[in-house]
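*Asks:* Quick one: this structure, given as structure tokens, is what I'll be asking you about.
Please treat every number below as a calculation from the coordinates, not as lab data. In this text, all values refer to a predicted model and were calculated from it rather than measured experimentally. Glycine also receives a Cβ, built like all others from the backbone with ideal geometry; neighbour counts cover every protein chain displayed.
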Amino acid sequence: MTVKTPTPDGREIRALTIPLELRAAGEGDGGRTATGYAAVYGARTDVCGCWTEEFLPGVFASSLQQRDVLAVHSHDTGRVVGRLKAGTLSLREDEKGLWFENLLPDTTDGRDLTVQIGRGDIAGMSFAFRSRKEEWDETVSPPHRTVIEAELYEITYTAMPQYQDTEVGLRSLEHARNEKRQHNIDGAMTRIATRRMRQNHAERGI
């Protein structure tokens, strides 16, 4: 296993198909509030057949204290339906995963989402993140990735949950492999140098 902090700058997108819920908004708010989970912890998921992946509890803890997060439609940041700093989006981590509560706006997207979630047309949520600390286990096939710490950028309502931007994860896996190879090379060179030193000492009678 290799623990590392990835260097790629690209964001990754993951999807979750857990049914969402709608409830009436608070008095004076109007509209409806959508609730559900944007991410689930400890569940192994296949990523396009390239690797399996899971997120550990607390993976977004640091990010939620430092970053603003958007709720958007279809990963389009021009279609914002909630924002953490505006108080129209609430996020919290529990044992199950990343739970959200989103007061939907009185806009076309907000009204459409109310209908689409109610009808079941919206199949689930996606979220955009950047891994900061992770672990790769290549003793299994396909390799398994455990995301330990990540930055969260957005949660997204999506009708077509799917994985995107897997090339970022592939670069991360290749980086982990390179680190492992370099570690093996460094270890081999150290062992060779130690043997040579012992041999020299033996020849000198030290």
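*Asks:* Using θ = phi - 60° and the Karplus relation 6.51 cos²θ - 1.76 cosθ + 1.60, list the HN-Hα couplings for the stretch 150-159 in order, rounded to whole Hz, with x at every Gly or Pro.
*Replies:* Result, rounded to whole Hz: 8, 8, 9, 10, 7, 10, 9, 7, 9, 7.
*Asks:* Related question: Using a Förster distance of 22 angstrom, determine the FRET efficiency expected from the C-beta separation of C48 and R132, and round it to 0.05.
*Replies:* 0.50
*Asks:* Another question about this same structure. Tally Lys and Arg at +1 and Asp and Glu at -1 over the other residues with C-beta under 13 Å from the C-beta of R44: what net charge comes out?
*Replies:* Summing Lys/Arg as +1 and Asp/Glu as -1 gives -2.
*Asks:* Each residue of the stretch 96-104 in turn: what ³J(HN,Hα) in whole Hz from Karplus with 6.51, -1.76, 1.60 and θ = phi - 60°, glycine and Pro shown as x?
*Replies:* Residue by residue, the stretch 96-104 yields 7, x, 9, 8, 10, 9, 10, 6, 6 Hz.
*Asks:* Shifting gears a bit: Under a 5 Å amide H to amide H cut-off, with H placed in plane at 1.01 Å, what residues pair with A39 once short-range neighbours are removed?
*Replies:* The list, which skips near neighbours in sequence, is L98.
*Asks:* Here's a follow-up. Once amide H atoms are placed 1.01 Å from N in the peptide plane, what residues at a sequence separation of 5 or more from I122, or on another chain, have their amide H within under 5 Å of its amide H?
*Replies:* The answer is I117.
*Asks:* Same structure again: List V72, V47 from most exposed to least, where exposure is judged by having the fewest other Cβ atoms within 10 Å.
*Replies:* Ordered from fewest to most neighbouring Cβ atoms within 10 Å, V72, V47 come out as V47, V72.
*Asks:* May I pose another question? So, by mean Cβ neighbours within 10 angstrom, what's the order for 10-18, 137-145 with the highest one leading?
*Replies:* Most protected by this proxy first, the peptides run 10-18, 137-145.
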